[in-house]
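Since the structure comes first, as structure tokens, the remarks are kept for the end.
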Amino acid sequence: MARPRRTPASLTSSPAPAPAHSSTLDAARRRRELEALADRTTPVDVLVIGGGVTGAGVALDAASRGLSVVLAEAHDLAFGTSRWSSKLVHGGLRYLATGDVAVARESAVERHVLMTRVAPHLVRSLPQLLPFTASTSSKQRAMGRVGLGLGDGLRMLARTPASVLAHPRHVGTAEALALAPGLRREGLRGGMLSFDGQLVDDARLVVALARTAAAHGATVLTRVRVSDATADSATLTDTVTGESLTLRARAVVNAAGVWAGELDPGIRMRPSRGTHLVLDAAVLGHPTVALTVPHPGSVSRFVFALPQQLGRVVVGLTDEEAPGPIPDVPQPEEQEIDFLLRTISSALARSLGRSDVLGAFAGLRPLIDTGGNGGGTADISRRHHVAVSASGLVNVLGGKLTTYRAMARDAVDLACRHAGLDDTGCRTAELALVGAPASAVPFAGADAAPAGRSTAAHDGEAPASLAARFGAEASTVLALARCDRPADRVAPGIDVTRAEIEFAVGAEGALDVDDVLDRRTRIGLVAPDRERAHDAVAELVAEATARLS
């Protein structure tokens, strides 16, 4: 029988426990930990399957409770759905509009936790403009005003201060054009300006979660495929060497997202595809706000044009049925690309075409098939589901990126009850991730930079783009670099430093060039950028890997 639960740290003034391990993830640590698991004769407390935002969140939650944890990911951290999001940490306004009050409130609360305590270095206030163009109906304008007012109510309910997310307000035509110069001037009557949360990068959140979990003692393994998972064991196969081992665990958590059904045949998923386009910010006049353009005839669904790092704007997104086998990398469909271009162009002075699209990507939402036949995937609730299956696996399904922490909490709560684990209660609401201000997560070697390398050697401050991606660790990324010209860009026109490539291999668990280009830096979202940076990245990856051998 499980011991009585203590009051969670989020409801007390006691701090989260200090991590006792390094947050370093690299090939050497991976080898050591695989060898240790092969020799292990006792079960671990929790095996987590899946290295997306939910799996990494579960690993951190369980490890911070003092449980022994192994996370196994078949590919790389953030390989699946977690890297294909809109990068919004939103307060649930859309769900309020569809009557899903519980999800809306949970979203607002989780946004508050991320922006104020857990990851304020990765989540920032994003101004969003709903322009009142000639194509915006009076109903859409009225509902926009009402909706944004309700969204502000959610913000206040979550106790997020206006200094973090400002009140929505009306802006005139001149201000709207100053914020979004690409807007169509004819018929423009200002708009509504509101504020929501935005991640600098979704994959960076996953990596930060995994590294913080490692700092609390979790074993985080990529390129390790799980098969034959049962209630208390699984086969782990190192896809690099082909070697396998059987790991016993007191609880097994299935956080494999859209692939969850491959581990547990009792699960029925109904994935939906969300497609985004990548544009040069110059095409929209380098907007300083996100544009929110209603779907034709809709008052609750929108297409967004979201400013991103590396001088890009991402336009999204769609919600389309995606039946059939689950691909490793989903692909956008032609009609989705046309729809996004057509909808966003309705608010712009210049209609966008295929030649403006630098790249496109699609992700599959891990929605639960509830058995209903009516309605599309847009009508399926984003409420998460946590339950023990007939096979004994603790399945955590559905949900969305913003609420990953609540999903992880519920999954670990259930795992502890189901397996009778000693449970000290969830502490992640007060636990800052690596890079957060005042974060106490240690990094191996952070106090001893290589000879000749120091923060002062790089003009005293890290570049703004580096600080945006790494927070308080930005100076460490430069200070620990052993490569030549660490502060230089990895390629012309790409605002990623050479030091970041080395850090990805030496601290963030990247094992090859694709890990760096496609998930640690996101250079790979635009094919010409990928090609331009590839050789330099490959050289830096090889050098950093050799140092770990």
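The values are calculated or read from the model by the stated rules, or taken from the named source; none is laboratory data. Just so it is clear, the model here is predicted, and its values are computed rather than measured. As a convention, Cβ positions derive from the backbone with ideal geometry for all residues, glycine included, and neighbour counts pool all protein chains shown.
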Where the second residue is surrounded by 15 or more Cβ atoms within 10 Å (Cβ to Cβ) and of a type outside the set (S, T, N, Q) and the first is in contact (Cβ under 8 Å) with a residue 12 or more places away in the chain and at positive phi and lies in the range 164-188, which pairs have Cβ atoms under 9 Å and are six or more apart or on separate chains? GLY187/PHE132
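Listed here are the residues, each with its yes/no results for (1) surrounded by fewer than 24 Cβ atoms within 10 Å (Cβ to Cβ); (2) at pLDDT 95 or above; (3) of a type in the set (Val, Ile, Thr).
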| site | (1), (2), (3) |
| --- | --- |
| ASP379 | yes, no, no |
| ARG383 | yes, no, no |
| SER391 | yes, no, no |
| LEU397 | no, no, no |
| LYS400 | no, no, no |
| TYR404 | no, yes, no |
| ASP413 | yes, yes, no |
| HIS418 | yes, yes, no |
May I ask you to say which residue of ALA142, ALA104, ALA108 is without any contact (Cβ under 8 Å) to a residue 40 or more places away in the chain and under 17 Å from PRO168 (Cβ atoms)? ALA142
Considering each of GLY257, GLY311 in turn, give the residue that is among the small types (Gly, Ala, Ser), surrounded by fewer than 20 Cβ atoms within 10 Å (Cβ to Cβ) and either in the same structural domain as ARG31 (by TED's automatic domain parsing) or within 30 Å of VAL516 (Cβ to Cβ) (or both). GLY311
Can you give me the number of residues within the range 467-484 that are closer than 15 Å to ALA536 by Cβ and in contact with a helix residue (DSSP H, G or I) (Cβ under 6 Å, 6 or more places away or on another chain)? 2
Kindly provide the set of residues from the range 307-338 that are without any contact (Cβ under 8 Å) to a residue 12 or more places away in the chain and part of a helix (DSSP H, G or I), ordered by number. GLU334, GLN335, ASP338
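Table: residues versus (1) modelled with pLDDT under 95; (2) of a type outside the set (D, E, K, R).
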site	(1), (2)
ASP232	no, no
ARG248	no, no
PRO271	yes, yes
HIS276	no, yes
LEU284	no, yes
Just checking, does the range 288-302 include any residue being of a type in the set (Ser, Thr, Tyr), under 28 Å from PRO492 (Cβ atoms) and part of a loop (DSSP other than H, G, I, E, B)? yes
I'm trying to understand the selection: among the residues of the range 417-430, which are part of a helix (DSSP H, G or I), over 27 Å from THR116 (Cβ atoms) and not basic (Lys, Arg)? HIS418, ALA419
Return yes or no: is PHE132 aromatic (Phe, Trp, Tyr), out of contact with any Ser or Thr (no Cβ under 7 Å at 6 or more places or on another chain) and touching a residue at least 24 places away in the same chain (Cβ under 8 Å)? yes
Quick one: which of PRO287, PRO296 is within 30 Å of MET269 (Cα to Cα) and either of a type in the set (Lys, Arg) or more than 19 Å from the chain's Cα centre (by Cα) (or both)? PRO296
Taking the range 233-258 and keeping only residues that are of a type in the set (Gly, Ala, Ser) and outside any loop (DSSP other than H, G, I, E, B), one is left with SER233, ALA234, SER244, ALA249, ALA251, GLY257
Check SER107 against each of (1) assigned to a loop (DSSP other than H, G, I, E, B); (2) in contact with a Ser or Thr (Cβ under 7 Å, 6 or more places away or on another chain); (3) small (Gly, Ala, Ser); (4) outside the structural domain of GLN309 (by TED's automatic domain parsing) and name the one condition it does not meet. (1)
From the set of residues in the range 294-308 that are at pLDDT below 95 and under 21 Å from TYR95 (Cβ atoms), which is surrounded by the fewest Cβ atoms within 10 Å (Cβ to Cβ)? GLY297
Examine the range 502-521 for a residue that is of a type in the set (Gly, Ala, Ser), within 19 Å of ALA214 (Cβ to Cβ) and part of a helix (DSSP H, G or I), and state whether such a residue exists. yes
